[in-house]
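This report concerns only the one structure given below.
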Amino acid sequence: MAERIFGKIKENVRLDIDHFILKVDVFRHIEIKPGQFFMIRAWEDIPVLNRPFSVFDYKDNIIQFFIKIKGKGTELLSKLKIDEEIFLLGPSGNGFQNCENYLAVGAGMGIAPINYTSTIFNLETIYAVNTHVSYMNFSDSEFNVWTLDGTSGEKGNAIDAIKKFYNNKIHKGIIACGPEKFLEYLIKFCKEKNIPLQVSFEEKMACGTGLCMSCAKKVKDDIIKICQDGPVVRY
Amino acid sequence: MKNVFGKEICFSPEIKGIKFKNPILTASGTCGFGVELKDFFELSSIGGIVLKGTTLLPKDGNECPRIAEFNGGIVNSIGLQNPGINGFINDISPKLYNCNTNIITNISGNTIDEYQQMCEIIENEKVIDCIEINISCPNVKMGGISFGTDSNTVFELVSNCRAITSKPLIVKLTPNITDITKIALSAQKAGADAVTCINTFKGLLFDIEKNDFSLKNIVGGVSGPAIKPMALFAVYECAKVLDIPIIGVGGIMNFNDALEFLKVGASAVQIGTATFKDPANPAIIARLIEREWGKYD
């Protein structure tokens, strides 16, 4: 159940020009399922909306968020200093469930919910990005890195990586998060190959708690609220 | 505490005999069907909950993106996604029994007949204390022009609903009009018990990076702090001419904003976008306004 949580910045780690990891101390234990997210805010009225972020990691009352600077909200978050206050609303959403022995795939920023999930379920994990990034060791987990241009790890996109790694003798399915086009392709791919799939979707949202219906969209013939019925959809 | 017209502002306002324990309500479309807020505060701590806009038949709403943000507010185009009035009554209203606050259903229709049918269904529903009529919807029989922009249409719509329901009728006015007082007076003449000032402003945003409109529907309703001065103006103008109570809404982010609305002529206020900032905000504002009441005489 989503709660109002008042936390403080434990650490704000700048990874490169526009990526950072925000570590938030919430001073108590909170039940967080892998794949769940928080709406977060560290400013007064402007920007008007809180910002949704999946949990990148969580232990010992510290929640980590992996964030890319995109606009005003993320820029303000990137400048937060140790001990500054932050408001969290969550954890929200359903999260990944029963995904033991699944292959985990995070494309781009989609690695955020995948990282925490693969830690909890101890999953083999693919991290697919366009090009080499300077912060490849930003997680405690080990990733199989794939880059489109071959500047780090193996050369190819996330689907190439899945084709190489997925082994139906070892893996029971796939969990994934990433750009919409990749997920659309993956859904078709897994349907054809009869591979169980859990996908975490992203959608613009205002409240993150089911009040506003901003994030409601048609998924598998049903209209679902991504913030509550999602973000994870099982195929 | 007196308003700018020298009239005493009542902490517990009344609309057609229905008493509100304090002047703080939620705004339609920002609090789901009220049930969702129970996780964050006791619903009984505020004067009333105005539910998500409801139509005669269920509606799927618009395609995403349905929301976009700018410096000072948001633009939304949800498209009235709702389970229909009967869906609400069967599945949701039992969860609102004994919530110990006023429940206000916000209704939308394509024709006057649809509004009337909804009023008829609501008349026997004990959970619903008041009806808020959304007149910003397109009138299908008038070629899609909003009901709320023509005073004769508003008169016809409100008097037809009045003929059917004994529950308090609140008319939610659109600001997308030259003179809001004409519409407000029409609503009053037709038997409205209160008006809500105001619904969202029409607006759009363009996303340069995507090279496309920010909303799939292109046009949406603008809300948030940016619209507060216009909302205050609408309340003030209506307060000059109306005898019925005015519920102020538009960009209220804190109790100070709420007091501004009460001072310029509102009897109660609705908290909308601020509920997205913190879902406990309606209750927080209600508590602060109770504490500060009388300090601004």
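The values are calculated or read from the model by the stated rules, or taken from the named source; none is laboratory data. Only a predicted model underlies this, so the values are computations on that prediction, with no experimental measurement involved. Don't worry about glycine lacking a Cβ; one is built from the backbone with ideal geometry, like all the others, and counts go over all protein chains shown. We work out accessible area using only protein heavy atoms, side chains counted, and drop any ligands, DNA or RNA first. Shrake-Rupley method; radii C 1.70, N 1.55, O 1.52, S 1.80 Å.
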What number goes with the only condition from (1) over 18 Å from A:PHE37 (Cβ atoms); (2) among the polar types (S, T, N, Q); (3) in a strand (DSSP E or B) that A:GLN64 does not pass?
(1)
Go through (1) aromatic (Phe, Trp, Tyr); (2) touching a Gly at 6+ places or on another chain (Cβ under 6 Å); (3) modelled with pLDDT under 95 one by one and return the number of the condition A:PHE38 breaks.
(3)
Every residue in the range A:174-215 that is more than 14 Å from every other protein chain (Cβ to nearest Cβ) and among the acidic types (Asp, Glu), please.
A:GLU184, A:GLU192
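This table checks each residue for (1) away from chain B (no Cβ under 14 Å); (2) touching a helix residue (DSSP H, G or I) at 6+ places or on another chain (Cβ under 9 Å); (3) over 19 Å from A:GLY110 (Cβ atoms); (4) open to solvent by less than 10 Å² (accessible area, probe 1.4 Å).
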{"site": "A:ARG4", "(1), (2), (3), (4)": "no, no, yes, no"}
{"site": "A:LEU15", "(1), (2), (3), (4)": "yes, no, no, no"}
{"site": "A:HIS19", "(1), (2), (3), (4)": "yes, yes, no, no"}
{"site": "A:ASP25", "(1), (2), (3), (4)": "yes, no, yes, no"}
{"site": "A:PHE53", "(1), (2), (3), (4)": "yes, yes, no, no"}
{"site": "A:PHE65", "(1), (2), (3), (4)": "yes, yes, no, yes"}
{"site": "A:LYS68", "(1), (2), (3), (4)": "no, yes, no, no"}
{"site": "A:LEU80", "(1), (2), (3), (4)": "yes, no, yes, no"}
For the range A:37-54, which residues satisfy the criterion of being within 17 Å of the chain's Cα centre (by Cα) and among the aliphatic types (A, V, I, L, M)?
A:MET39, A:ILE40
Taking the range A:93-108 and keeping only residues that are more than 22 Å from A:ILE159 (Cβ to Cβ) and surrounded by fewer than 24 Cβ atoms within 10 Å (Cβ to Cβ), one is left with A:ASN94, A:GLN97, A:ASN98, A:GLU100
Does B:LYS172 satisfy the condition of being more than 14 Å from chain A (Cβ to nearest Cβ) and under 20 Å from B:VAL222 (Cα atoms)?
yes
Check B:ILE46 against each of (1) more than 14 Å from chain A (Cβ to nearest Cβ); (2) open to solvent by 40 Å² or more (accessible area, probe 1.4 Å) and name the one condition it does not meet.
(2)
Quick one: how many residues across the range A:109-137 are crowded, with 22+ Cβ neighbours inside 10 Å and either part of a strand (DSSP E or B) or not aliphatic (A, V, I, L, M) (or both)?
11
Which one is nearest to A:LYS79 (Cα to Cα) among residues in the range A:38-47 that are crowded, with 24+ Cβ neighbours inside 10 Å and within 12 Å of chain B (Cβ to nearest Cβ)?
A:ILE40
Mind listing just one residue for me: the one in the range B:256-297 that is closer than 23 Å to B:MET230 by Cα and of a type in the set (Asp, Glu) and, of those, most open to solvent (accessible area, probe 1.4 Å)?
B:GLU260
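Table: residues versus (1) within 21 Å of the chain's Cα centre (by Cα); (2) over 17 Å from A:ILE111 (Cβ atoms); (3) at pLDDT below 95.
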| site | (1), (2), (3) |
| --- | --- |
| A:GLY153 | no, no, yes |
| A:ALA161 | yes, no, yes |
| A:ASN168 | no, yes, yes |
| A:ASP222 | no, yes, yes |
Looking only at the range B:69-95, count how many residues are open to solvent by 10 Å² or more (accessible area, probe 1.4 Å), facing another protein chain (nearest Cβ under 10 Å) and either among the charged types (D, E, K, R) or over 19 Å from the mean Cα position of the chain (by Cα) (or both).
3
Those residues of the range B:22-32 which are open to solvent by 10 Å² or more (accessible area, probe 1.4 Å) and more than 9 Å from every other protein chain (Cβ to nearest Cβ) amount to B:SER28
Okay, helices (runs of 4 or more DSSP H) sitting entirely in the range B:110-217 with 2 or more residues that are open to solvent by 30 Å² or more (accessible area, probe 1.4 Å) and more than 30 Å from B:PRO94 (Cα to Cα), I get B:151-162, B:180-189
Just a yes or no: is a residue in the range B:50-59 open to solvent by 50 Å² or more (accessible area, probe 1.4 Å), under 26 Å from B:CYS161 (Cβ atoms), away from chain A (no Cβ under 14 Å) and at pLDDT 95 or above?
yes
Out of curiosity, is A:PHE87 within 14 Å of chain B (Cβ to nearest Cβ) and either of a type in the set (A, V, I, L, M) or in a strand (DSSP E or B) (or both)?
yes
Counting only residues in the range A:216-227 that are at the interface with chain B (Cβ under 9 Å from one of its Cβ atoms) and touching a Phe, Trp or Tyr at 6+ places or on another chain (Cβ under 9 Å), the one surrounded by the fewest Cβ atoms within 10 Å (Cβ to Cβ) is identified as A:LYS217
Filter the range B:218-255 down to the residues that are open to solvent by less than 30 Å² (accessible area, probe 1.4 Å) and either at positive phi or among the charged types (D, E, K, R) (or both) and list them by number.
B:GLY224, B:GLY250, B:GLY251
Among the residues listed as A:GLY106, A:GLY95, the single one being part of a loop (DSSP other than H, G, I, E, B) and more than 14 Å from every other protein chain (Cβ to nearest Cβ):
A:GLY95
